[in-house]
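The values are calculated or read from the model by the stated rules, or taken from the named source; none is laboratory data. Small disclaimer: the values here were computed from a predicted structure and weren't measured. So basically every Cβ, Gly included, is an ideal-geometry build from the backbone, and we count neighbours across all protein chains shown.
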Ligand SMILES: [Zn+2]
């Protein structure tokens, strides 16, 4: 049981000395690491022995009257060696599906069946969760402050505590999010697919589509990757709701990922999801009432009508046209929009950008296209 074990893409047990420079971006390499001992670990000041399941607390910030805000951290230390996988949810306090996914994983996974260590932060933004808000009490978005600074703003301090005390212990990280209000997305993994270890991890998750995205600076995913920790986000459903199907799919994704890392036995295989190395938002050029008959998952050709925008006063109507062929992986629900509003998210076939697509993005279509931009990136 204490013999050398190799984990595909795994890294050394935290504390036993990671070989990669954690501060170097791009230092992610799929490593086969041998571990000869499987000892208790110290996490948040508490000892967690092989076979233990513990609920710990991260003291992230002081509220008024000296009342501290303690973020729950779940840990299951497997009986046998393996990588450390972290699951984070609720970085946006109104995104509930991920919270339930993480809870369910920790309820289900038994330490005796696990090789390696699972660390879960089901509600990273406890302030927001209590108020059903995406944001912290000062309206800051916690997912713009990672890796944070212990002497910074409230958001930066929470980010720093979480990052230093928990995230840096991880060999792999999955951060759970949902789509944003008034938009709907196909379930999707977002990941920096230029890095082989991350692509492998995204494929291992096996739930829904995989969409390339570098990740905006300040996001938990991007900060983890910048510190050499392969990380993906999974977007499951809509905010403010617990959606059974989305929760089940995310739970299955974690099970598949843990199996692909040889931390759990293999459950049934599912067909691998479609991978989009490129995606593009289609914006409206006119304000008004946006209506569409399009459905998520539909394939469209360049020039196809996607929807219309009608000025409620003048009755002038403009068309929203696909600038290029692709598959609708995210879209706005019918609503009132302003010029520049991102109405459709198209997944594009093929690996590399080509000039023709760039040119079409500038063409005077009634809809306009642009690269994936951070403000439409709800993670
Ligand atoms: Zn989010």
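Summary of values
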{"read-out": "Yes/no for residue 117 being touching a residue at least 60 places away in the same chain (Cβ under 8 Å) and within 16 Å of the ligand (Cβ to nearest atom)", "value": "no"}
{"read-out": "Selection count where residues are surrounded by fewer than 24 Cβ atoms within 10 Å (Cβ to Cβ) and away from the ligand (no atom under 14 Å from the Cβ), scope the stretch 79-104", "value": "5"}
{"read-out": "Checklist (1) buried (at least 20 other Cβ atoms within 10 Å of the Cβ); (2) out of contact with any helix residue (DSSP H, G or I) (no Cβ under 8 Å at 6 or more places or on another chain); (3) not in a helix (DSSP H, G or I) applied to residue 194, failing item", "value": "(1)"}
{"read-out": "Qualifying residues in the stretch 243-271 (those that are surrounded by 16 or more Cβ atoms within 10 Å (Cβ to Cβ) and assigned to a loop (DSSP other than H, G, I, E, B)) - the one nearest to the ligand (Cβ to nearest atom)", "value": "243"}
{"read-out": "Test: residue in the stretch 59-76 that is in a loop (DSSP other than H, G, I, E, B) and modelled with pLDDT of 95 or more", "value": "no"}
{"read-out": "Those residues of the stretch 212-242 which are assigned to a strand (DSSP E or B) and away from the ligand (no atom under 15 Å from the Cβ), in sequence order", "value": "212"}
{"read-out": "Residue 161 being surrounded by fewer than 22 Cβ atoms within 10 Å (Cβ to Cβ), in the same structural domain as residue 110 (by TED's automatic domain parsing) and either more than 16 Å from the ligand (Cβ to nearest atom) or free of Cβ contacts under 8 Å to residues at least 12 places away in the same chain (or both)", "value": "yes"}
{"read-out": "Meets criteria (surrounded by 19 or more Cβ atoms within 10 Å (Cβ to Cβ) and out of contact with any strand residue (DSSP E or B) (no Cβ under 6 Å at 6 or more places or on another chain)) for residue 219", "value": "yes"}
{"read-out": "Qualifying residues in the stretch 141-156 (those that are surrounded by fewer than 17 Cβ atoms within 10 Å (Cβ to Cβ) and outside any helix (DSSP H, G or I)) - the one farthest from the ligand (Cβ to nearest atom)", "value": "151"}
{"read-out": "Given (1) more than 16 Å from residue 258 (Cα to Cα); (2) part of a loop (DSSP other than H, G, I, E, B); (3) at pLDDT below 95, number of the condition residue 184 does not satisfy", "value": "(2)"}
{"read-out": "Set 115, 154: member being touching a strand residue (DSSP E or B) at 6+ places or on another chain (Cβ under 8 Å) and modelled with pLDDT under 95", "value": "154"}
{"read-out": "Checklist (1) closer than 20 Å to residue 250 by Cβ; (2) surrounded by 24 or more Cβ atoms within 10 Å (Cβ to Cβ); (3) touching a helix residue (DSSP H, G or I) at 6+ places or on another chain (Cβ under 9 Å) applied to residue 204, failing item", "value": "(2)"}
{"read-out": "Per-region count, the stretch 166-200, residues closer than 23 Å to residue 59 by Cα, out of contact with any strand residue (DSSP E or B) (no Cβ under 8 Å at 6 or more places or on another chain) and within 16 Å of the ligand (Cβ to nearest atom)", "value": "0"}
